[in-house]
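Q: Provided herewith is a single structure, encoded as C-alpha cells, for subsequent inquiry.
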Amino acid sequence: MQQSTYAFAIVEMIHLLSLTMLGGVILVVDLRIFGLGLKSQTAGALAQQLNPFLLWSLVVSAISGILLLSEEPVKCYYNPAFRAKMLSLVVAVAFYFFIQQRLSGGYAKWAGAVSLLLWLCVGLAGRAIGLI
Amino acid sequence: MLEHFCQWLYDSAIGTGIRESIWVFPIIETVHVLTITLLVGTVAIFDLRLLGVVLKNEPVSRVASQILPLTWAGFAVMFVSGFLLFWSEAAKSYANPAFRIKLLLLALVGLNPLIFHFTIFQSVSEWNGRVVTPLRARLAAASSLTLWACIICAGRAIAYFQK
C-alpha cells in the first residue's frame, strides 16, 4: 500500500464511510437517552435494532484502520494522537457494550453522556493524527 | 464572474484569517468531519428504514418526523462549517475537480428528497407500516445512500487536489 497512490486514499474513504455509520448509530442511540430523536422507541430497543450496524461498521473501521496503520506504523506508534485514539477507542467500545447497555433509570443519562464524550474523544484524536 | 467572486472571498479578511490561523482551519475542519455522522448517519437510518432493513416495526412517517430534525441540525452545522472552509480556500476550490464534483452531487442529493417528498411520500399513509415500501421510495433511499457516500468521498478528495 505504501507504493500505491490510490490505495491509501481509497482505504481512507472506506474508513470515513464506516465511521459515518458508526458515529450515526452512536449519536442516534445516545441522543435518544436524552429524549431527542426516535422517542417512539425505547433506548434499549433502539440500541438492539441498530447494534448489528454498529458492529459491522466497527469491523470495517478496524480493518480499514489497520490497513491505514500499516502504511506508517512507526510514525503512528510515536504519535500522541494515535495513542489517545486507541486508548479512548478501547474504553468507548468496552463502555458501550459492557456497561452502558446494562444500566437503566437515572444512571442511563450519565452513561449516555459518558459514551458521547468517549466517542467524541475517539473522533477528535483520530482527526488529530493527521495534524500532529 | 464566479472565479472573481471566489478570488474576492479568498482575499477577504475573514478568508485570509481562517487560512492563515494555525488553529481555526483545523478546528472548523474537525467540526465539519465529525458532524458528517449527525447529517449522513441520520439520513442513512431513515433510508435504511425505507429499504426495510431497520426499525421495521416503526411507521415510516414516524421515523421521518422524529429523525429528520436531527438531520436538519446536522445540515445547518455542515453548511456553516463547510461555507467557512470554502471561504478560506475559495480561489483554490474553484478549480478543484473534487470540489466541483462534490457541489454537483450536493445539488443532486438535495433534489432527491424534494422529489421524494412531493411524489411518493404524499401517499405515505397507504404504505406507512409496511416493511417493504414502494419501489419509488426504495429507489429514493438507494440513490440517497449512494449519493451521500460519493459526497463524503469527493469531500475527502478535495484535500488531495488542493494545491
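Rule-based calculations on the coordinates, nothing more; no lab input. All of these numbers come straight from a predicted model, not from anything done at the bench. Using ideal geometry, Cβ is built from the backbone for each residue, glycine included, and neighbour counts are taken over all protein chains shown.
Q: Summing Lys, Arg as +1 and Asp, Glu as -1, what charge do residues with Cβ under 15 Å from the Cβ of residue A:117 carry, residue A:117 excluded?
A: Values: positive: A:85, A:109; negative: A:30.
That works out to +1.
Q: Just name one of B:85, B:147, B:123: the one whose Cα is farthest towards the positive end of the charge dipole of the range B:2-161 (beta-carbon charges, Lys/Arg +1, Asp/Glu -1).
A: Checking the options against the dipole of the range B:2-161, the answer is B:123.
Q: Using the Cα centre as the reference, give the magnitude of the dipole from point charges on the C-beta atoms of chain B (Lys, Arg: +1; Asp, Glu: -1; all else neutral), rounded to the nearest 20 debye.
A: Here chain B has a charge dipole of around 460 debye.
Q: When the dipole is taken about the Cα centre of the protein assembly as shown, and only Lys, Arg (+1) and Asp, Glu (-1) are charged at their Cβ, what size is it in debye, to the nearest 20?
A: So the dipole magnitude of the protein assembly as shown works out to roughly 560 debye.
Q: Rounded to two decimals, what is the ratio between the C-alpha radius of gyration of the protein assembly as shown and 2.2 N^0.38 Å? Could you put the intermediate results ahead of the total?
A: Values: Rg = 20.0 Å, N = 295, 2.2 N^0.38 = 19.1 Å.
Ratio of Rg to 2.2 N^0.38 Å for the protein assembly as shown: 1.05.
Q: Among A:11, A:38, A:27, flag the residue with its Cα farthest along the positive direction of the charge dipole of the range A:5-129, charges on Cβ as +1 for Lys/Arg and -1 for Asp/Glu.
A: A:38
Q: Got a sec? Charge dipole of the range A:2-124, +1 on Cβ for Lys and Arg, -1 for Asp and Glu; which of A:121, A:63, A:81 is way out at the positive end?
A: The residue sitting farthest along the positive end of the dipole is A:121.
Q: Helix by helix, which DSSP H runs in chain B go 15 Å or more along their axis at the Cα atoms and have an average Kyte-Doolittle hydropathy of 1.6 or more?
A: B:24-50
Q: Now for a different question. Over the whole of A:112-123, what's the average partner chain Cβ count within 10 Å per residue? Rounded to a whole number, please.
A: Partner-chain Cβ atoms within 10 Å, mean over residues of A:112-123: 1.
Q: From the convex hull of the Cα coordinates of chain B, what is the mean projected area in square nanometres?
A: Answer in nm², one decimal: 10.0.
Q: Right, something else. Mind checking which aspartates and glutamates have their Cα closer than 15 Å to the Cα of residue A:109? Skip sequence neighbours fewer than 8 apart in that chain.
A: A:30
Q: In debye, nearest 20: dipole of the range A:42-132 around its Cα centre with unit charges on the Cβ of K, R (+) and D, E (-)?
A: The dipole of the range A:42-132 has a size of about 200 debye.
Q: Also, quick follow-up: Going by C-beta contacts inside 10 Å, put A:102, B:138, A:32, A:127 in order with the fewest on the left.
A: The fewest-first ordering by Cβ neighbours comes to A:102, B:138, A:127, A:32.
Q: After finding the eigenvalues of the alpha carbon gyration tensor for the range A:5-129, what semi-axes result from the square roots of 5 times each, listed largest first in whole Å? Mind showing how you got there, number by number?
A: Values: eigenvalues 167, 50, 23 Å².
Values for the range A:5-129, descending: 29, 16, 11 Å.
Q: What does the average come to when, for each residue of peptide A:40-49, you count the partner chain Cβ atoms lying within 10 Å of its Cβ?
A: 3
Q: Enter the mean number of other protein chain beta carbons within 10 Å of the beta carbon of each residue in B:38-46, as an integer.
A: Partner Cβ neighbours, averaged per residue: 6.
Q: For the residues A:86, A:21, what sequence is obtained by ranking on other C-beta atoms within 10 Å, fewest first?
A: In increasing order of surrounding Cβ atoms, one gets A:86, A:21.
Q: Which value at 222 nm does chain A reach when only helices count, each DSSP H run of 4 or more adding -39,500 (n - 2.57), with the total divided by all residues and rounded to the nearest 500 deg cm²/dmol?
A: Values: 5 runs with 102 residues, N = 132.
So the helix-based figure for chain A works out to -26500 deg cm²/dmol.
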